[in-house]
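Okay, so here's the structure we're looking at.
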Amino acid sequence: MGRRTHKRRGLGLAGLLAVACWLMSAVEAQGQSSAPVKVSVTGQVPGGLYPGAAPTAIPVTLTNPTGRTLYFARVSVDVRDTGSDACSPEWFRTGAVSIPKGGIAVPAKSSITLPARGIPGPTIQMRESGTNQNACQAATLTTRYVATPGKGVAGQAASPGGGRGRGDLAFTGLALTLLAAAGGTLTLVGLRLRRG
Amino acid sequence: MIRTFTRSKKRAAAFGSLVAMVAVAGAIAYFTGTGSGTGQAQVGTSTPWSVTFGASTGTMYPGSGTSTVNYTVTNNGSGNQHLNTTTASVVADGSGNVKSSGTPVSGCLATWFSVSNSPPAGTTLSPSASTTGSAAVTMAESGTNQDACKTVTPDILISAS
């Protein structure tokens, strides 16, 4: 059996590998989307807000309805409406919480409420404006919570005491396609170098 | 046979490496999620000022003397509150008699007494903070029998706003 035969077999295997990877990526792409997944974020400010009072930490619950663990690197709150034109939203100061090391994991089909794992909730505070703020007395503010994604960290527990799920490091369909292309290209380049 | 890389082979190898690096970069893709929701927050309301009195000093008589009492205004609320001023007056029942410790003193008329208030300066007080003022009370000579007021300590009302 000559060298040419080996090369042909090698090329054939490389081609099969590329096709297999492409098919895998196609199947994977059908089951998941690379578009961000929407999760529910709810919060309730405990007690009332008063001019000049210290910032109040807000317990915020992140609910992940998907079948994969999701990571969040930042949770913020802002005041959308005060219910009165005379009650200025500027009188309320909010503080987002930034979560280091890739974000906090919310396991699949479950929720987590901040503060948790040493991570506090976002804060809200009513500033002392130095002016009459009576228009805000007894006002019910509408607040909006936003959770922005994190990248996740290998080794971070998906759930307290639990193992890591498949979604911890989930590849997207695009990623697998690129992997297939890379594998095929490297194989072909290697064979061409040997033949040359 | 000794084979060496030609320029075209090196280019091919470099291209292959580039594709591999791009592929690896693309492969490090995590599922991410975005989330949002709305909630509510309640703003509190103001809390009535607390006014407490110190011991009075001095004694008043019909047509002479002054009894002065210091008072303290405290913010018992949970947030800052602005104190504009205070007013002071002698407390009377429906018949015009003064009250002493909440009890009307028959025949001792509130109109015989005057209060000169020295209010604290207008200020914004944080929770539990306080400020002080004083009220000086004098008794007028009515030209009538004022014995009903002997040893009486008329109640003084301080209104803070």
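The values are calculated or read from the model by the stated rules, or taken from the named source; none is laboratory data. Computed from a prediction, not measured in an experiment: that's the story for all the values here. Positions of Cβ are generated from backbone atoms using ideal geometry, with glycine treated the same way; all protein chains shown enter the neighbour counts.
Checking the structure you have, find out if any residue of segment B:131-151 is assigned to a loop (DSSP other than H, G, I, E, B) and under 27 Å from B:Ser50 (Cβ atoms). Walk me through it before giving the result.
First, pick out the residues of segment B:131-151 that are assigned to a loop (DSSP other than H, G, I, E, B): B:140-146, B:150-151.
Still in the list and also under 27 Å from B:Ser50 (Cβ atoms): none.
Within segment B:131-151, not a single residue is assigned to a loop (DSSP other than H, G, I, E, B) and under 27 Å from B:Ser50 (Cβ atoms).
Could you look through segment A:72-106, keep only residues that are in contact with a helix residue (DSSP H, G or I) (Cβ under 9 Å, 6 or more places away or on another chain) and assigned to a strand (DSSP E or B), and pick out the one that is surrounded by the fewest Cβ atoms within 10 Å (Cβ to Cβ)?
Once the filter is applied, the top-ranked residue is A:Arg80.
Does segment A:114-122 include one or more residues that are over 26 Å from A:Thr140 (Cα atoms), within 23 Å of the chain's Cα centre (by Cα) and crowded, with 18+ Cβ neighbours inside 10 Å? I'd like the intermediate steps shown before the answer.
Within segment A:114-122, the subset over 26 Å from A:Thr140 (Cα atoms) is A:116-119.
Narrowing the set further to residues that are within 23 Å of the chain's Cα centre (by Cα) leaves A:116-119.
From what's left, crowded, with 18+ Cβ neighbours inside 10 Å: none.
No, segment A:114-122 contains no residue that is over 26 Å from A:Thr140 (Cα atoms), within 23 Å of the chain's Cα centre (by Cα) and crowded, with 18+ Cβ neighbours inside 10 Å.
Of the residues B:Ala13, B:Ala25, B:Ala29, which is of a type in the set (A, V, I, L, M), at pLDDT below 60, in a helix (DSSP H, G or I) and buried (at least 16 other Cβ atoms within 10 Å of the Cβ)?
Values: B:Ala25 fails: buried (at least 16 other Cβ atoms within 10 Å of the Cβ); B:Ala29 fails: in a helix (DSSP H, G or I).
Exactly one residue qualifies, and that residue is B:Ala13.
I'd like the full set of residues that are touching a Pro at 6+ places or on another chain (Cβ under 8 Å), surrounded by fewer than 19 Cβ atoms within 10 Å (Cβ to Cβ), within 17 Å of A:Thr94 (Cα to Cα) and at the interface with another protein chain (Cβ under 7 Å from one of its Cβ atoms), limited to segment A:40-67.
A:Gln44
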